[in-house]
């Protein structure tokens, strides 16, 4: 069974930093591209970033470019999101998501974790 | 960025009804379109990808189609477990973008 478990979400002050983690199981992690997607409770979905299976290709939403860094450790079946210079508008539930297709990916979002909440507030 | 305009924002329907949700892309995206279902308090689930391919395990009452830059998700006979919010998503260009969502409510 495919499982993705996020952690690291908490309350942080504006301008602060946070690192989210996602540990996966049930599939060959190093075969798949991975995404972070966020959602403000009661609102729509907002794609954040993608990392390819080997970390060679990375893409970000403009709203987080230069502040967030996605990375992965295939030996630990883990995905990370380093979030710096946090803003109130970054407050959301952050989902770790596996791409539907292995290799370079299809950019369809196949398997989702349950999310970890981030609140940016003073 | 590619804008995805979804309509309606909400629809009230009864069990057994046929429900159609539409998504319009601001530019050509080919077959790079997916649909997701989200129930309150849970993560979204992929239903349809590549416009019309059903993810394994998705009931056949769900179907997807396209006409140019207009995309449609159809539920042929609404079941109680289908009351949820549905989102479209384009996978043609970064940044990946979603429609605003359609909530299917019980009439």
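Some notes on this structure:
- Residue selected from segment A:35-57 under the condition more than 10 Å from chain B (Cβ to nearest Cβ), assigned to a strand (DSSP E or B) and farther than 16 Å from residue B:41 by Cα, by the criterion modelled with the highest pLDDT: A:36
This table checks each residue for (1) touching a helix residue (DSSP H, G or I) at 6+ places or on another chain (Cβ under 9 Å); (2) within 14 Å of chain A (Cβ to nearest Cβ); (3) part of a loop (DSSP other than H, G, I, E, B); (4) free of Cβ contacts under 8 Å to residues at least 60 places away in the same chain.
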position	(1), (2), (3), (4)
B:74	no, no, no, yes
B:81	no, no, no, yes
B:92	no, yes, yes, no
B:95	no, yes, yes, no
B:104	yes, no, no, no
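- Residue match in segment A:81-103 (condition: surrounded by fewer than 21 Cβ atoms within 10 Å (Cβ to Cβ), more than 30 Å from residue B:30 (Cβ to Cβ) and in contact with a helix residue (DSSP H, G or I) (Cβ under 7 Å, 6 or more places away or on another chain)): no
- Count - residues of segment B:40-54 that are under 13 Å from the mean Cα position of the chain (by Cα) and part of a loop (DSSP other than H, G, I, E, B): 4
- Residue satisfying condition, being within 19 Å of residue A:110 (Cβ to Cβ), surrounded by fewer than 13 Cβ atoms within 10 Å (Cβ to Cβ) and at pLDDT 95 or above, within set B:85, B:42: B:42
- Strands (runs of 3 or more DSSP E) contained entirely in segment A:62-122, each with at least 2 residues that are touching a residue at least 60 places away in the same chain (Cβ under 8 Å), under 13 Å from the mean Cα position of the chain (by Cα) and within 14 Å of chain B (Cβ to nearest Cβ): A:92-102, A:109-112, A:116-120
- Hey, residue B:15 in contact with a helix residue (DSSP H, G or I) (Cβ under 8 Å, 6 or more places away or on another chain) and buried (at least 18 other Cβ atoms within 10 Å of the Cβ) or not: no
The values are calculated or read from the model by the stated rules, or taken from the named source; none is laboratory data. The structure presented is a predicted model; accordingly, all values stated were derived computationally and were not measured. Quick reminder, even Gly has a Cβ in these numbers, built from the backbone with ideal geometry, and neighbours come from all protein chains shown.
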